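The values are calculated or read from the model by the stated rules, or taken from the named source; none is laboratory data. Treat the numbers as computed from the prediction; the structure is a model and nothing was measured. Here the Cβ is made from the backbone with ideal geometry for all residues, glycine too, and neighbour counts use every protein chain on show.
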Amino acid sequence: MQMKNKYRYIRVLFRLAARRFLSLLRNKVELKTFIIIASLVVGVLSSLAAVALKQVVHFFQQEPQQVFNKIGMNYLFSVTPLLGILLTILFTNVVLKGKLKKGLSNIIYLILRKHSDVPGRKMFTHIITSGITVGMGGSAGLEAPIVVTGAAIGSNISKELKFNYQTRTLLLACGSAAGISAIFGSPIAGVIFAFEVLLPEFSIPSFIPLLIASASSAVVSKLLYSGQLFYLVTVGWQIKAIPFYILLGVLCGFVSLFIIKVSLSLEDYLEKFSKPYIKALTGGVILCALIFLFPALYGEGYKTIIDLLAGNYNNFLEGTFLNFLADKELALILLAAIVILLKVIATSLTLGSGGNGGIIAPSLFSGAIAGFFLAHLAQYFNIIDLNHPNFIVVGMAGILAGVLHAPLTGIFLIAEVTGGYILIVPLMIVVAISFFISRYFHPYSIYTSPLYKRGIKFRSEKEKYFIQQINLEDLIEKNFVIIRPGMTLREMVNKISESRRNIFPVVDDNQKLVGVVTLDDIREFLLNTELYDMVLVYEIMNTSFDHVDIKTEINLVLEIFEERHIWNLAITNKGKYVGFISKSNIFDKYLSIWAKQQNENM
């Protein structure tokens, strides 16, 4: 107990000393310079987190293999994805008490609705849980977890430095950009990813801190964990291949749609399981069966991409039943088609069953296989001899852009990771077509679709920034005269005579809102005083009034105003009357938030 108290005392002293140092530094340094220094710190720490994540993955990749080798049971290696999911759930339930919100959708939600306040535990929880899941063969990627980790680092450093919401959002994005930069060694793609996926609006002042964070992260990651992810050998692209790049763009667009829809549907289905370990066993067993039949589904899938780029096609076929086909070229085409369809299922089973990971690596994998499939299909039927590596890497960009709805990220990430800037034209063609098809048929990306289901609907880039900061409860007006359904018209007129409002809620004895009366409803009775004691409120009130619950998302409220052409909306809390909000109030609040942000930018 004494040791524990001593440790706590030292930790408090260290924190106080750090705060004092930062306070002195901030007083002596201009705010813009201080933000740049903070972005550098966020970039370095996010890079260290990425390196730590790679080490955790490496540990869980190597240790089970060594154990199985010692006991002579290598065939058990195919069940490690299930073990990884179970270990992840165990850690989540025991250590984190069941609190682990996965995916970038949650980070976007925190930016829009929680003032970019990311819980501090996310600085390490995603490193451990995703490291276990992916390291033991879960069919997912590490990119989303490191983006979440970087976002948590940026957000919590901002909170320590007492930065405002706008700067906290910027440093959160710096951490995310640094995470992408470190994991892929692609600083430009990291910056673009932050703008396309996370940052609500582009501004030049935010560009510099993002560059600093992303570049510093790439440098630190390179020093501690050198090596290129993919090596692309190409002599350029041919003009005669353009029609096939267009065809690849179409293929990538529809595969992206398939990935988004299947991923969301399967994870929703697995959410119906109430017991986490039953869910893990069900999904994990199916996942292991798929990996046993098609080993390319194991892990992130980068090893398969490397083999295909190097022309080692036999490694892709190895371990599958299709390897027994006499026609190996046909077997490769069939295997590619099957794996494209199954990868998203394997990923959804991994994440939906309780594992942690991301969709970026599976998207890159699916894109690589799609590019290989098209190129090999054309070669098999002697249509044209296409450069397989070119189509593999361009396909990666196409699927990534279609799934994330982030076309520039797709182009620059693949160009940086593969060194394939020579393919910039094919990249632009494939990405543009894939993005258009995916967005046309499904307006929301893999990250924003869950938010859409929660009622958070994005309008324009600036609107999604300002509107989401409006709290519905802050807009409720309560100074309305309440009338009872059993009142006579005379009693009601006497009660509302001093009110300046033209709408009156009708509330019963249980505080339930049962109707609304407007001046238009009683206008015809006002001059006929003989009816004052004969007409009761419930006989003239409007029971088909528009009302919403107090927990309704602000975007849904806006849609009701626009679709029904009304200016006032009743607010209830589990059926009980609370007050009204007006369309003009929302507009005024929007303008005040916009003006506040403009003043902070100056």
If we keep only residues of the range 480-517 that are farther than 14 Å from Val535 by Cβ, touching a residue at least 40 places away in the same chain (Cβ under 8 Å) and among the polar types (S, T, N, Q), then the residue surrounded by the fewest Cβ atoms within 10 Å (Cβ to Cβ) is Asn510
Take Pro209 and decide whether it is crowded, with 20+ Cβ neighbours inside 10 Å, in a helix (DSSP H, G or I) and not aliphatic (A, V, I, L, M). yes
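Considering only the range 518-602, give the strands (runs of 3 or more DSSP E) lying wholly within it that have at least 3 residues that are at pLDDT below 75, assigned by TED's automatic domain parsing to the domain that holds Lys32 and surrounded by 13 or more Cβ atoms within 10 Å (Cβ to Cβ).
Where strands (runs of 3 or more DSSP E) fall fully within the range 518-602, none carries at least 3 residues being at pLDDT below 75, assigned by TED's automatic domain parsing to the domain that holds Lys32 and surrounded by 13 or more Cβ atoms within 10 Å (Cβ to Cβ).
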The range 79-128, subset buried (at least 18 other Cβ atoms within 10 Å of the Cβ) and of a type in the set (Gly, Ala, Ser), residue nearest to the chain's Cα centre (by Cα): Ser105
Would you call Phe436 in a helix (DSSP H, G or I) and at pLDDT 95 or above? yes
Does Tyr452 count as assigned to a helix (DSSP H, G or I), surrounded by fewer than 21 Cβ atoms within 10 Å (Cβ to Cβ), at pLDDT below 90 and hydroxyl-bearing (Ser, Thr, Tyr)? yes
For the range 266-278, indicate whether the set of residues that are part of a helix (DSSP H, G or I), closer than 29 Å to Ser47 by Cα, among the aliphatic types (A, V, I, L, M) and without any contact (Cβ under 8 Å) to a residue 12 or more places away in the chain is non-empty. no
Quick check on the range 399-431: of everything there that is surrounded by 18 or more Cβ atoms within 10 Å (Cβ to Cβ) and of a type in the set (Gly, Ala, Ser), which residue is farthest from Phe373 (Cα to Cα)? Ala406
Take the range 380-416 and flag every residue that is more than 16 Å from the chain's Cα centre (by Cα) and outside any helix (DSSP H, G or I). Phe381, Asn382, Ile383, Ile384, Asp385, Leu386, Asn387
Taking the range 545-568 and keeping only residues that are among the polar types (S, T, N, Q) and farther than 19 Å from Leu451 by Cα, one is left with Asn568
